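Shown next, in structure tokens, is the structure this report addresses.
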Amino acid sequence: MILNASIPNASHFMIPTVLVIEKFWTDEERQHFQHAMHRAAWKSLREMRHLCETFPDCGNWLKADMTQAEARVFLDRLALLCIRRYVESFPNIARRHMNFNYYSYGAGDCLLTHDDTAQAGDSMVLTAGASPLRRLAVVTYLHDEWHPDWGGELIIYRSTPGQQTRSDLAITHCIAPKPGSLVLFTVPRFHRVCRVDPVSGDHKRLSIAGWFMTEHEVHL
């Protein structure tokens, strides 16, 4: 489902499996996060061994932590009733977690097909109990411009009945990284990021991405 700028009848709106909201961020809001990204401490894919092993041949995209202040601004803007209702729909929730980061993809960068189930090396590791389960993925785009020839699309798949391998996945969405747009999709769900084409030059695909998660008590 694709919406333009707002969610109709928000008090009754339920999140579909994939939701795209175009023009979610104003130019001023995007610039606010761009300034924060300039101050961030970036790590390249090759500096993150566990991710580099999980996603080989994916270029050398960059990742950075958000400060608590920037995360608060982001989450305040993302305080949509439909998100809260979806996350709270799971039974026996003990705790709730969120994890969001800045990302920068340049020419040659991509992300291989995966379903967002927990991966080795997650930044959030609990000392006791079960690990949080990723429930809702969020991706939002903060660059100033993006042309169709530059690539970087988010591809989302549907598992087909009787599927045995990833080669059986069926594409349901091809989402261009339009400036200011917001994408939500339920997890687990196979997806990938197409390689950014060299014709993009020095332009960067700037985003915030992460998950709303729930933790549940383990009964032995």
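Between 51, 45, the distinction of being surrounded by 14 or more Cβ atoms within 10 Å (Cβ to Cβ), under 16 Å from the mean Cα position of the chain (by Cα), of a type in the set (A, V, I, L, M) and under 16 Å from residue 209 (Cα atoms) belongs to 51 only.
Among the residues of the range 205-220, those identified as among the charged types (D, E, K, R) and either surrounded by fewer than 20 Cβ atoms within 10 Å (Cβ to Cβ) or touching a Cys at 6+ places or on another chain (Cβ under 8 Å) (or both) are 215, 217.
Looking across the range 24-43, just one residue is closer than 21 Å to residue 154 by Cβ and either among the polar types (S, T, N, Q) or at pLDDT below 95 (or both), and that is 34.
Select from the range 58-96 the residues that are at positive phi and modelled with pLDDT under 95 and list them in ascending order. Once the filter is applied, which keeps residues that are at positive phi and modelled with pLDDT under 95, the range 58-96 yields only 92.
Scanning the range 97-129 for residues that are buried (at least 17 other Cβ atoms within 10 Å of the Cβ), at pLDDT below 95 and among the charged types (D, E, K, R) yields a single hit, 116. Taking the criterion of being surrounded by fewer than 17 Cβ atoms within 10 Å (Cβ to Cβ) and either among the polar types (S, T, N, Q) or closer than 26 Å to residue 26 by Cα (or both), the only residue of the range 180-193 that qualifies is 186.
The set of residues in the range 174-220 being of a type outside the set (Ser, Thr, Tyr), in contact (Cβ under 8 Å) with a residue 40 or more places away in the chain and more than 20 Å from residue 143 (Cβ to Cβ) consists of 185, 187, 188, 189, 190, 211, 212, 213, 215, 216, 217, 218. Return a yes/no flag: does the range 130-140 have any residue that is β-branched (Val, Ile, Thr) and either part of a loop (DSSP other than H, G, I, E, B) or at pLDDT below 90 (or both). Within the range 130-140, not a single residue is β-branched (Val, Ile, Thr) and either part of a loop (DSSP other than H, G, I, E, B) or at pLDDT below 90 (or both).
The values are calculated or read from the model by the stated rules, or taken from the named source; none is laboratory data. It should be emphasised that the depicted structure is a prediction, and the values quoted were computed from it without experimental measurement. Glycine also receives a Cβ, built like all others from the backbone with ideal geometry; neighbour counts cover every protein chain displayed.
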